[in-house]
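Shown next, in structure tokens, is the structure this report addresses.
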């Protein structure tokens, strides 16, 4: 991974983060100063924060769907209105939601 070559002969997605980390690690006497670069590299490899954020968005969507189901809408209608992409940032008009 840190060699700079991927399976498709291009640059791997996390290679720039590895270069930043290795440059910092090589130029410092205290490796603890490179914690931010190491965290960026590990996030790129494993995407733990991205997955946690997606789970939080999904949980909020499900919570909102359950709340709307208690108000009288059918759960199938709520789920058909939008997927997780529709997190409520863009409000649909009354005429659009009836069609």
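Bear in mind that the values in this text are calculations on the coordinates, not laboratory data. Note that the structure is a prediction, hence the values are computed from the model and not measured. Counting neighbours? That spans all protein chains shown, and the Cβs are built from the backbone with ideal geometry, glycine included.
Cβ crowding within 10 Å, taken as a proxy for footprinting-reagent exposure, orders 58, 63 from fewest neighbours to most as 63, 58.
Placing a pseudo-label 7 Å from each Cα along the Cα-to-Cβ vector at residue 23 and residue 68 gives an inter-label distance of 4.7 nm. Here the peptides 12-20, 40-48, 27-35 are ranked by packing, the mean other Cβ count within 10 Å, and the order with the highest first is 12-20, 40-48, 27-35. Label separation (residue 60 vs residue 44): 2.8 nm, computed from points 7 Å beyond Cα along the C-beta direction.
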